[in-house]
Amino acid sequence: MATGIRDKVAIVGMGCTRFGERWDVGADGLMVEAFLEALADAEIERARIEAAWVGNALDDINVGNSALPAAHALRLDKVPVTRVENMCATGTEALRGAAYAVASGAVDVALAIGVEKLKDTGYGGLPLRTKGVQNDLWMPYGSAPGTFAQLAGAYAARHGIAPGDLKRAMAHVSWKSHQNGALSPKAHLRGAVDMDKILNAPLIADPLGLFDCCGVSDGAAAAIVTTPEIARALGKADPVMIKAIQLSASNGWEMQFGAWDGASVPNTRAAAARAYAEAGIRDPRTELDMTEVHDCFSITELVIMEDLGLSDEGRAPADILDGRYDRGGAIPCQLDGGLKCFGHPVGASGLRMAYEVYTQLQGRAGERQRDNVDFGLTHNLGGSPFNSVAAVAILGRLN
Amino acid sequence: MSVLAQSFGIAALGGYVPLLRLDRKAAARELAWSGLPMPRTGTRAVADWDEDALTMAVEAARLLCRESAPDALRFASTSAYFTDRAQSGMALDALAMPRTVRTSDAANSRRAATSAMLDALLGRQDEIVTAGEKRSTQPGSAAQLAFGDGAVAVRTGPDAPARLVGHASLSFDLIDRYASRDHPFSYAYEERFVRDVAVAEVLVPVVRAACDAAGIAPGQLAHAAVHEPVGGCWRALAKALSSKAPNHCEAVSEMAGDLGTAHALYGLGLALDAAKVGDFVLLVGFGSGADAMVFEVTGPVPGASAMAAELREGQVLASYSRFLSLTGSLELDWGMRAEFEQKAQATVLERVGRDMVGFVGGRDSAGNVQFPKSAFPVNPELSGVERMEDVRLADLEATIVSVTADRLNFSPDPPFDFGLVQFDNGARVLMEMVNRPADGFRVGDRVRMRLRTKAQNRRLGFRTYFWKAAPLVRPVLGDA
């Protein structure tokens, strides 16, 4: 029977570029920045990297297809490089590939790197793409905020919440992330924003306003993973360990079958349940010390709090307004500013989240440091609420 | 000028007028500085960006083909999008009719629809003749405000409640207006010239001949539906014929505009709605000559009263610049998102195109319906591959599960409303929404399906069509 990968894979080095409008550098340069930081952090020779997984979501538009852009940028010499893409779950997918390679015993040391160069697409938000030559015949071209805005109306209808009350809770999500982003030196958006400005921002997709939407950024993040034994040999006495990585993908049920009310994301629930089991977490509300979740939009983070089992059904707005997920709250969410303020270079985001948990677990987060972090969770949600790929990873220490 | 197929006539009619109506006075006021002459009364029906002659013609024909397929489906328009792809064949698939139904397209004359209908009547055929029009016009031209967008459909058949009792046709190359490949906007000649010649040389002789064929005097006509090339023709014609019949095409012009190929037949719907049993009703289609037909009413004509109601429904289009944008007269810079154009592939359309334009889903062995069909059903109760039974969703109502008004996504007429729509038979579809209510769409709203343009590739000159969700009820003009 499968036992999962808990404590089989250590993260010995991580790197993350400054996210944002990186007019100064291309995708290759971003990968180099993240890679060099990870190598230095791991204190490892680059020649020891036996395999690499590169995550890049919008391949046709900026970085390019296949293993080659990463292999070229990092001059990975005859290394098996695999390019992965799973929409916004891409970064975690890259980490999953590298971790599985180590856990299986196929290699001793592997690299996971995610990158996106969105500001070379020319768009303010995410660029438009085909949905496939057959789907294009019927499927609407909704924007990302348009698809996630659907959660808000469905959530309000299911729980009988007045639109104004929901909007205030959503605004608090963004307000909190801006507060945190201000303390993140590598974040895209580093300014605190007051509630009135958030509430009165222009609408992007009803009821999401400008400040309900995350930043669209350039950036890269990387992780070097190995076995716990090699980690110790590298001098990491208490390395950061992967406790779980789980994915769940829609099979069309949500958008084609009439049983889902649109107010939650079933894939997040499935991935979280499996991740908790793999990590041995029985009560996430008391065992998790922090989360970095896929707050592409404020309503998404609100719903995720219930999907991860951190808030009771219908209680997320109240918990959010009570400060439960603020920096000083019981389970802080987005200590680095999240997608909202750290930014969202799609293929890099899952690894950026892991970078923050990794940093917190080692007590190296400076002004953002949270006391007593033993377990941190990352969560990605690719696609849309009704057609998604959800990824949940849990990191902790070995001892 | 022949004697008639006595028992044949009009079995039913259907009409479609788009929701938006431009107040001509308001539009004329915008152009007052120019001093250009243009109509100032009534409203002009304006198609949405995603409506065209085909989609509107299908809407008009929908009610006429529920019980059985006709022998033939005819499509008429002077503004059809495709010039080498039969709109009638596309309409056939959109209406989910068998491919054995004969089809043909008629164009190049405003009377193409009346001529096609007369052929059907004389051939004693059960046919649907549908006509749609969305003509390009130039700002400042009287035509831009006088024309309207809309469609009509007529089903011919035996034992009909409006029997053809006389007809006449006259071919006459009178150039009252024209459009050509090099001049796609309608070019109009001097109105007095057109009125004098059209009435004296075309309309009077053809209507007299039709009445003679029917064995009645023109004064016996109770109602008329005469497509006037210019205003005042019916007044002059009625005077010459000693007829006191009202011309119901005038109401169409007043409330929707000149509907081109659909105009005379839309007026006929109003005339038949107003007529009593025993009345004689005159129809005249005009364009490069005229077709005149006299019908004797023997009972209520299905669909006629709905056409009168359709004309009264509408939503005021207050913005003149939005009107210019919708009619293609104003090219806004919509930014980078408007640059994205998909290329539809003929191979894919051959495989699944009928299910798309016909909105046909599949029923699995457990009874659940889904769209689109798939080898493995989406129904979690089933785990094996199976062949699904066709189920048409186009004629069903549904309920909104989730929705937003997307202001980031490009739409030629923002915002872009879309969301999940739930059909009562189990099918759930992510759909665009149209005919936005004043206070927007909401979760729980009931919706109906409308055929629209799905995507348009302007560089390649190609469109695809799919169905979009619209409110069940349209507001009545004046209440909107």
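The values are calculated or read from the model by the stated rules, or taken from the named source; none is laboratory data. Not measured: the values here are computed from a predicted model. For neighbour counting, all protein chains shown are included, and Cβ atoms are generated from backbone atoms with ideal geometry for every residue, glycine included.
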Could you list, in sequence order, the residues of region B:85-134 that are assigned to a loop (DSSP other than H, G, I, E, B), farther than 18 Å from B:Arg452 by Cβ and in contact with a Pro (Cβ under 9 Å, 6 or more places away or on another chain)? B:Met97, B:Val101, B:Arg110, B:Arg124, B:Gln125, B:Asp126
Out of (1) over 30 Å from B:Ala275 (Cα atoms); (2) over 21 Å from the mean Cα position of the chain (by Cα), the one B:Ala96 does not meet is (2)
Conditions (1) touching a Lys or Arg at 6+ places or on another chain (Cβ under 6 Å); (2) surrounded by fewer than 24 Cβ atoms within 10 Å (Cβ to Cβ): number failed by A:Ala201: (1)
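Condition check ((1) in the same structural domain as A:Leu151 (by TED's automatic domain parsing); (2) in contact with a His (Cβ under 6 Å, 6 or more places away or on another chain); (3) of a type in the set (D, E, K, R)) across all residues:
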position: A:Ala182; (1), (2), (3): yes, no, no
position: A:Ala187; (1), (2), (3): yes, no, no
position: A:Gly191; (1), (2), (3): yes, no, no
position: A:Ile204; (1), (2), (3): yes, no, no
position: A:Ala223; (1), (2), (3): no, no, no
position: A:Ala233; (1), (2), (3): no, no, no
position: A:Lys236; (1), (2), (3): no, no, yes
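Return the residue satisfying two criteria in turn: it lies in region B:220-233 and is touching a Ser or Thr at 6+ places or on another chain (Cβ under 9 Å) and under 20 Å from B:Gly289 (Cα atoms), and of such residues it is surrounded by the fewest Cβ atoms within 10 Å (Cβ to Cβ).
Applying the first criterion (touching a Ser or Thr at 6+ places or on another chain (Cβ under 9 Å)) to region B:220-233 yields B:220-221, B:224, B:227-228, B:231.
Subset that is under 20 Å from B:Gly289 (Cα atoms): B:224, B:227-228, B:231.
Numbers: B:Ala224: 28, B:His227: 33, B:Glu228: 27, B:Gly231: 13.
Across region B:220-233, the extreme among qualifying residues is B:Gly231.
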In region B:190-223, anything of a type outside the set (Val, Ile, Thr), in contact with a strand residue (DSSP E or B) (Cβ under 8 Å, 6 or more places away or on another chain) and under 14 Å from B:Ser288 (Cα atoms) is listed as B:Ala198, B:Leu203
Please work out which residue is farthest from B:Ser325 (Cα to Cα), limiting yourself to region B:457-469 and to residues that are out of contact with any Leu (no Cβ under 7 Å at 6 or more places or on another chain) and buried (at least 19 other Cβ atoms within 10 Å of the Cβ). B:Ala469
Log entry, pairs with first residue in region B:98-109 being among the basic types (Lys, Arg), second being crowded, with 18+ Cβ neighbours inside 10 Å and part of a strand (DSSP E or B), beta carbons closer than 6 Å, six or more apart or on different chains, reads B:Arg102/B:Ala72
Check B:Val152, B:Val165 and return the single one that is closer than 11 Å to B:Thr261 by Cα, in a strand (DSSP E or B) and at pLDDT 95 or above. B:Val152
Working carefully through the options B:Arg387, B:Arg392, B:Arg363, find the one that is within 25 Å of B:Pro471 (Cα to Cα), basic (Lys, Arg) and more than 9 Å from chain A (Cβ to nearest Cβ). B:Arg392
What pairs come up if the first residue lies in region A:250-262 and is within 8 Å of another protein chain (Cβ to nearest Cβ), the second is small (Gly, Ala, Ser) and assigned to a loop (DSSP other than H, G, I, E, B), and their beta carbons are under 8 Å apart, counting only those six or more places apart or on different chains? A:Gly252/B:Ser374; A:Trp253/A:Ala259; A:Phe257/B:Gly426; A:Gly258/B:Gly426
Determine which single condition A:Leu335 fails, assuming it passes every other condition in (1) in a loop (DSSP other than H, G, I, E, B); (2) out of contact with any strand residue (DSSP E or B) (no Cβ under 7 Å at 6 or more places or on another chain); (3) crowded, with 24+ Cβ neighbours inside 10 Å. (2)
In region B:431-444, anything within 11 Å of another protein chain (Cβ to nearest Cβ) and surrounded by 18 or more Cβ atoms within 10 Å (Cβ to Cβ) is listed as B:Met431, B:Glu432, B:Met433, B:Phe441, B:Val443
May I ask you to say which residue of B:Arg450, B:Arg459 is over 23 Å from B:Leu311 (Cα atoms), in contact (Cβ under 8 Å) with a residue 40 or more places away in the chain and either of a type in the set (Asp, Glu) or more than 8 Å from chain A (Cβ to nearest Cβ) (or both)? B:Arg459
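Kindly establish whether B:Lys343 is modelled with pLDDT under 95 and not in a helix (DSSP H, G or I).
On the way: modelled with pLDDT under 95: yes; not in a helix (DSSP H, G or I): yes.
So B:Lys343 passes the test.
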With criteria (1) within 18 Å of the chain's Cα centre (by Cα); (2) surrounded by fewer than 24 Cβ atoms within 10 Å (Cβ to Cβ); (3) not in a loop (DSSP other than H, G, I, E, B), A:Pro69 comes up short on (1)
So, A:Arg83, is that one outside the structural domain of A:Trp23 (by TED's automatic domain parsing), of a type in the set (D, E, K, R) and touching a residue at least 24 places away in the same chain (Cβ under 8 Å) or not? no
Single residue of B:Ala209, B:Ala179, B:Ala200, B:Ala188 found to be among the small types (Gly, Ala, Ser), buried (at least 16 other Cβ atoms within 10 Å of the Cβ) and over 27 Å from the mean Cα position of the chain (by Cα): B:Ala209
Looking at B:Glu341, is it away from every other protein chain (no Cβ under 12 Å) and surrounded by fewer than 22 Cβ atoms within 10 Å (Cβ to Cβ)? no
Quick one: how many residues across region A:125-159 are facing chain B (nearest Cβ under 8 Å), in a loop (DSSP other than H, G, I, E, B) and either hydroxyl-bearing (Ser, Thr, Tyr) or farther than 28 Å from B:Thr347 by Cα (or both)? 4
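Would you call B:Pro377 more than 7 Å from chain A (Cβ to nearest Cβ) and surrounded by 22 or more Cβ atoms within 10 Å (Cβ to Cβ)?
Values: more than 7 Å from chain A (Cβ to nearest Cβ): yes; surrounded by 22 or more Cβ atoms within 10 Å (Cβ to Cβ): yes.
Considered against the rule, which asks whether it is more than 7 Å from chain A (Cβ to nearest Cβ) and surrounded by 22 or more Cβ atoms within 10 Å (Cβ to Cβ), B:Pro377 comes out as yes.
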